[in-house]
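The block underneath contains the structure these notes are about, expressed in structure tokens.
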Amino acid sequence: MQMSNIKDKVVVITGASSGIGESTAKLLAKQGAKVVLGARRLDRIDAVVQEISATGGKAIGFATNVTKRAEVEALIQGAVDGFGRVDVLINNAGIMPIAPIEALKVDEWDRQIDVNIKGLLYGVAAALPHMQKQKSGHIINIASVFGIKMFAPGGTVYCATKAAVRALTEGLRMELHSQNIRCTMISPGAFATELSEFMKMAIPASAIARAIAYAIEQPVEVEVDEMVIRPTVQDF
Ligand code: NDP
């Protein structure tokens, strides 16, 4: 009998230098996954890799800016070179600068589209050929409750990028399920990370890590399509 559907899986996580990505990396490594971590702050990535390795886990890390397609390809290639395959890609990197539309922070609009949407697509482009060759894989996209409902003024562009993550995840599911590639979207509410410092009701990122582990550990014929996870007290 297989002991765990997480043990020995090769899991690539973008935005793994803090918050949800870091917490997920630690939990999955504890459960026996081989984790491959990417983000821009290499010192932070190295610290997470060291912490995981010191407790007997398997982790490697790369400086990855998801807005640069070549760096995302290098991250996935790093997983293949280091651990032989890519079982799971967690598209987690994301930013949420808040400003009313009338402030016309066009550079911030561009950055959100580049990180939250195009970064995710670069991950898919890099990982998909490997998953197709393996005839198995799992793409997990981190969206937001703000992909389901609007928060404005302030979050109009962010909400639009997360609604796009929702559309992309469902489209990927429809296109890839026949190739034995599972797709999951996880929509967090308020979680205590660098991104959400202003949200008083925020709860620890480890709850999202557990949700991700749940989706991964299901038997191969079971696809968890979507989870929305909020603090119990959150009303939006
Ligand atoms: P953090 O700010 O703690 O983490 C964001 C991560 O994304 C960091 O590791 C950061 O690393 C990385 N990142 C940002 N820009 C880039 C880039 N260009 N290339 C690569 N990595 C990048 O926030 P969270 O953990 O909260 O965010 C994780 C995801 O969860 C995001 O997609 C966010 O939208 C989503 N989310 C979070 C909620 C919350 O309440 N916290 C609520 C709903 C959704 P670095 O700076 O080193 O590159």
- Compute the acute angle (0 to 90°) between the alpha-carbon long axis of helix 42-54 and the principal axis of greatest extent of the alpha-carbon atoms of the chain; round to the nearest 10°. 40 degrees
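Suppose the chain between Val228 and Glu194 were pulled fully straight at 0.36 nm per residue; how much longer would it get relative to their current alpha carbon spacing? Walk me through the intermediate numbers first.
Details: separation 34, 0.36 × 34 = 12.24 nm, distance 2.01 nm.
Stretched out fully, the Val228 to Glu194 stretch lengthens by 10.2 nm.
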- Query: Three principal axis extents, largest first, for the C-alpha atoms of segment 81-180, in Å?
  - Reply: 48, 27, 15
- Go ahead and estimate [θ] at 222 nm for the chain from helices alone: -39,500 (n - 2.57) per DSSP H run with n ≥ 4, summed, over the residue count, rounded to 500. -13000 deg cm²/dmol
- Query: How about segment 147-236: which GluC sites (Glu not before Pro) there lie in a loop by DSSP and see at most 13 other Cβ atoms within 10 Å?
  - Reply: Glu197, Glu221
- Task: May I ask you to compute the full-extension gain from Arg40 to Ser206, defined as 0.36 nm times their residue separation minus their alpha-carbon distance, rounded to one decimal in nm?
- Result: 57.6 nm
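Say the cut-off is 25 Å between C-alpha atoms; which of Lys30/Lys68; Lys135/Lys162; Lys7/Lys135; Lys26/Lys133 go over it? Working shown, then result.
Values: Lys30/Lys68 30 Å; Lys135/Lys162 28 Å; Lys7/Lys135 19 Å; Lys26/Lys133 28 Å.
Those over the limit are Lys30/Lys68; Lys135/Lys162; Lys26/Lys133.
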- Query: Looking only at Pro219, Pro97, Pro204, which one moves most when the chain is put into a Gaussian network model with springs between Cα atoms under 10 Å?
  - Reply: Pro219
- Query: Given segment 40-79, what whole percent of its Cα pairs are spread farther than 16 Å?
  - Reply: 39 percent
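Mind checking the dipole of segment 1-124: about its Cα centre, +1 per Lys or Arg Cβ, -1 per Asp or Glu Cβ, Debye to the nearest 20? All intermediate terms of the calculation are to be shown ahead of the outcome.
Working: 15 positive and 14 negative charges, 80 e Å.
Computed charge dipole of segment 1-124: roughly 380 debye.
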- Task: Could you size up the charge dipole of the chain around its Cα centre, putting +1 on the beta carbon of Lys and Arg and -1 on that of Asp and Glu, and report it in debye to the nearest 20?
- Result: 320 debye
- Message: Just want the ordering: Tyr214, Tyr122, from fewest to most Cβ atoms lying within 10 Å of their own Cβ.
- Response: Tyr214, Tyr122
- Alpha-carbon centroid distance for the pair segment 111-135 / segment 44-68, whole angstrom: 19 Å
- Item | Volume per residue that the Cα convex hull of the chain spans, once the total is divided by residue count, Å³ | 120 Å³
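So, counting K/R as plus one and D/E as minus one, what does the shell of residues with Cβ under 13 Å around Arg173 add up to?
On the way: positive: Arg166, Arg182; negative: Glu170, Glu175, Glu223, Asp225, Glu226.
In short, -3.
Here, each number is a calculation from the coordinates, and none is a lab measurement. Quantities reported herein were computed from a predicted structural model and do not represent experimental measurements. Glycine gets a Cβ as well: all are built from the backbone with ideal geometry, and neighbour counts include every protein chain shown.
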